[in-house]
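Quick note: the coordinates plus some simple rules give every number you see, no bench work behind them. Fair warning: this is a prediction, and the values are worked out from it, not measured in the lab.
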Amino acid sequence: MMDIEVEATIDNVVSFAGQPSEVSEQLQGLKNGRVVAIAIEDISQRENDALENMLLGAARLFKQTTSEQLAEQMSLLARAFAPKEPPTPVMLKEAEMMARAQKAVFAASDWLTAAQVATLAGFSDSNLSAQPSKWRRESNIFTVRLDGTEYFPGYGLDRDHGYRPLKSLKKIVDLFKGHKEGWGLAYWFASNNSFLGGKRPLELLKTAPEQVFAAAQDELEGIVHA
């Protein structure tokens, strides 16, 4: 049977190691304090000693922590796990409006992932997203992100020329840079435009690019003057 081991340490922290019955007898001699017991079956003496030393070190550190430090740590934990403030009615309304707008944008045209664009364009399977991502970085096309996925506008690709970005799109992306990007561009292309006689810019981007660019200039002037 394993001999009982008792080690007294600073701040009245004591560790016991041995068989349950042996440790139980030693615990009976304690008059004050609290006890935290951990029982592990099929553990070697070496593993037992290592675990005991680790827990004893943690107990020492805990005892040396001031009450102010402990209170601060508990406060941080409480704030981390406390329920957040419920959203205000205005926030809920804005979220609802945004969700509707995003849904309308996706309903207005096809939106493709980088892999889908690469497949249509006939790129290698080794890295399907590389070239479409390069197009985005060079402002040849824009993207929106929804639920962690990046999407490319189908109307921005020229089906007659290997699904490359329309040259007219880059001019508009560059024009709006710093004013409209991502979803801002998506909303504009999908909205009825009075400058275009009520039509949406995405409908005329390929067939009447000069008119769409003029509408973008008119939109930008309104933004700047506002």
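In table form, for the structure just shown:
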{"quantity": "³J(HN,Hα), Karplus 6.51/-1.76/1.60, whole Hz, each residue of segment 38-52, x for Gly, Pro", "calculated": "10, 10, 10, 7, 6, 10, 6, 4, 5, 5, 4, 5, 5, 5, 4"}
{"quantity": "Shape metrics for segment 69-226, restricted to C-alpha atoms - Rg then Dmax, Å", "calculated": "20.3, 69"}
{"quantity": "Tail beyond 18 Å, pair distance distribution of segment 94-165 (Cα, percent)", "calculated": "39 percent"}
